[in-house]
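Below is one structure, written out as C-alpha cells, with a few remarks after it.
We did not get these values from a lab; they are worked out from the coordinates using the rules stated. A quick note: this is a predicted structure, and the numbers were derived from the prediction, not measured. Please note: Cβ atoms are built from the backbone with ideal geometry, for glycine as well, and neighbour counts cover all protein chains shown.
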Amino acid sequence: MTTMEISKELVALCKQGKNQEAIDRFYSPNIESVEPVAMPGMEQTQRGIAKIKGKNQWWMDNHEVHGVIAEGPFPHGDRFIVRFKYDVTPKHMGKRMTMDETGLYTVQNGKIVKEEFFYSMSGPEAGPH
C-alpha cells in the first residue's frame, strides 16, 4: 500500500473508533511511538507493536470517549499528519475535557514505522491517545 492509501484508511478507521484495527492493519511490528511527555508508568517513547497496543488500550480503558473527529490526512512524501479532536472524560477525574491532538506518521515498506503526537487540551490532564 502507498502512504496515501494507508493514511486515508487509517483516518477512516479512526473516525469509526476502530483504532486497534488500524494498529493491527497498518503498524510495523517494530513501530515507535513518541508522546510529548512520559505518562505515569510509561516511557515517553514506546517501541514495538505490543507496547503500542497496550498504550492504546490503557487510554481507552481510562477514558470515556464521547466523540472523536479525525481530520486529514495531510501527506508529505513518506509521512502524513492527522488531526484528532477528542471529547473525553478521564475516569479517575470525572471531569469532561477536550483534547486536540496531531499525529505525525512515517511509512516505510507499506507499514507505519513511527508515530509522533503533539497535543494540548482544555482540561487538567494530558495523556496518550
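Structure data summary
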| item | result |
| --- | --- |
| Virtual spin-label span in nm between ALA50 and MET4, 7 Å along Cα→Cβ | 3.8 nm |
| The chain: angle of helix 3-15 to the longest principal axis, Cα-based, in degrees nearest 10 | 30 degrees |
| Net charge of Cβ neighbours under 10 Å - reference LEU104; Lys, Arg +1; Asp, Glu -1 | 0 |
| 222 nm mean residue ellipticity, helices alone, for the chain (DSSP H n ≥ 4; -39,500 (n - 2.57); rounded to 500) | -8500 deg cm²/dmol |
| Summed residue charge, Cβ within 14 Å of GLY41's Cβ, Lys/Arg positive, Asp/Glu negative | -1 |
| Charge tally in the Cβ shell below 13 Å around VAL82, where Lys, Arg are +1 and Asp, Glu are -1, VAL82 excluded | -1 |
| Separation in nanometres of the label points that stand 7 Å from Cα toward Cβ, at VAL37 and LYS18 | 3.5 nm |
| Distant-in-sequence amide H partners of HIS63 (H built 1.01 Å from N, under 5 Å) | LYS91 |
| Where labels lie 7 Å past Cα in the beta-carbon direction, separation of LYS95 and PHE74 in nm | 2.9 nm |
